[in-house]
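Colleague: Structure in structure tokens, see below.
The values are calculated or read from the model by the stated rules, or taken from the named source; none is laboratory data. Note that this is a predicted model, so its numbers are computed, not measured. Methodologically, a virtual Cβ is constructed for each residue, glycine included, from the backbone with ideal geometry; neighbour enumeration extends over all protein chains shown. Accessible surface is based on the protein model in full, side chains and every heavy atom, while ligands, DNA and RNA are left aside. Shrake-Rupley method; radii C 1.70, N 1.55, O 1.52, S 1.80 Å.
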Amino acid sequence: MARSNRREAGRRRLAMRLPEMRTLIMQARDPLQLELFEAYQMAVEARDAVQRRRVSSKLLQEYDETCFEIEKHVIRTIHEPSVGDAALHSKPGEPSDLGG
């Protein structure tokens with residue numbers, strides 16, 4: 001599956017998994033969020049493959065935990081403005097959180 005397809009598939013999965021955030025997930029454009037969508041899709045695909053093969057319940061649990069951790073990261077990034085957004089919304093002459 002191509003990277004952009006994986007990102008969009010992950011986005012749709014997360015929108016179904018987190019319905020209270022569906023609109024925000026579908027509108028997300030932040031590069032970190034897009035990476036998380038892709039990572040989520042990859043983790044779900046791996047988890048499903050392990051589940052189909054009935055290989056190891058411990059491995060399946062690890063993938064479930066990975067999916068849950070990615071979900072928590074998505075929730076956090078949706079609710080926190082990115083560093084780039086903070087710089088865009090600061091007024092000229094005001095310090096930003098970018099440092100340097």
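Colleague: Based on the alpha-carbon gyration tensor of segment 1-79 and its eigenvalue square roots a ≥ b ≥ c, which shape applies: rounded if a/c is under 1.5, prolate if not and a/b is larger than b/c, or oblate?
Modeller: Taking the square roots of the gyration eigenvalues as a ≥ b ≥ c, segment 1-79 is prolate.
Colleague: Based on the Cβ-Cβ distance of SER57 and THR77, what FRET efficiency does E = 1/(1 + (r/R0)^6) give at R0 = 25 Å, to the nearest 0.05?
Modeller: 0.25
Colleague: Hey, another quick one. Tell me, what is the 1.4 Å probe accessible area of GLU38, in Å² to the nearest 10?
Modeller: 20
Colleague: Another question, if that's okay. So, R0 is 30 Å and r is the distance between the beta-carbons of LEU24 and ALA49; what FRET efficiency does that work out to, to 0.05?
Modeller: The computed FRET efficiency comes out at 0.55.
Colleague: Next question. At a 1.4 Å probe radius, carbon and sulfur cover how many percent of the accessible area of segment 1-79?
Modeller: The value for segment 1-79 is 52 percent carbon and sulfur by accessible area.
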